[in-house]
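Enquirer: Before I ask anything, let me first share the structure, which is written out below as structure tokens.
The values are calculated or read from the model by the stated rules, or taken from the named source; none is laboratory data. Keep in mind it's a predicted model, so treat the numbers as computed, not measured. Note that we place each Cβ from the backbone using ideal geometry, even for glycine, and neighbour counts take in every protein chain shown.
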Amino acid sequence: PVIFDALELRTEYLSELGKANEAIDQLDGLLAADPPLPHTADLLTLRGDLLFAAERFEEAGTDYQHALDLDPERVGAMIGRARVLAAMGERQTARELHEAAAAIEADLPAHDGSAALAHARFELAVGDSDAAKRRLRALLTLQPRHGEAALLMAQILLDEKSAPPHSEELMDVARRALLFEQGPEAAELRVLFPDEGPANEAEETGQASS
């Protein structure tokens, strides 16, 4: 697992440098090993993620399916396969796979909420924002520090013209997103909520301790 974690970090690093093809080539070599290496399903899922990001959907779908052939309840591969199906217009099958992945994830003793988040993104993409919000609220109840879920919830609320501009729920999820999520989307949110986030949290903590 430690070796795979290092490999996963390396592929993410290469992708950020615009060298996703190099990362895919490395995984090609590992997956061609005979006998197969341990964690083959992990490697297939990882390569599937890279292929999906490159919009090579059929190849990604094949990798995810091979991973599921090895481990039918591999949540990451189920999420990936569902995203491929949605991208190819097979929304109902994608929905069913997202639901199955979320159900398996919910029964795990520990998880990162990736299936619930992916399901919420799918629901939002197909126009069911109410379902997406319900799912995100449930996830944030279980994992209050889930920055991605908080960021997506804030974005949904901001997009809803009928929502109050600074409702209690919006302020709450915006604060969580700025505390626990990084990246350009969080930076954009900071422009709208300059008084929230780590700096303000540090000030409040300092005031409380003085």
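Enquirer: For segment 87-125, how many residues are surrounded by 19 or more Cβ atoms within 10 Å (Cβ to Cβ) and not in a helix (DSSP H, G or I)?
Expert: The number of residues fulfilling the criteria is 1.
Enquirer: Across segment 128-162, what is the number of residues that are surrounded by fewer than 22 Cβ atoms within 10 Å (Cβ to Cβ), of a type outside the set (Lys, Arg), modelled with pLDDT of 95 or more and not in a helix (DSSP H, G or I)?
Expert: 3
Enquirer: Small (Gly, Ala, Ser) and under 27 Å from SER167 (Cα atoms): does that describe ALA131?
Expert: yes
Enquirer: Please pick out the residue among ALA86, ALA103, ALA54, ALA60 that is over 28 Å from LEU14 (Cβ atoms) and not acidic (Asp, Glu). Reasoning before the result, please.
Expert: Details: ALA86 fails: over 28 Å from LEU14 (Cβ atoms); ALA54 fails: over 28 Å from LEU14 (Cβ atoms); ALA60 fails: over 28 Å from LEU14 (Cβ atoms).
Exactly one of ALA86, ALA103, ALA54, ALA60 is over 28 Å from LEU14 (Cβ atoms) and not acidic (Asp, Glu), namely ALA103.
Rundown of residues vs (1) charged (D, E, K, R); (2) under 18 Å from the mean Cα position of the chain (by Cα), yes/no style:
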site	(1), (2)
LEU44	no, yes
ARG47	yes, yes
ALA54	no, yes
GLY61	no, yes
VAL75	no, yes
GLU90	yes, no
ALA94	no, yes
GLU99	yes, yes
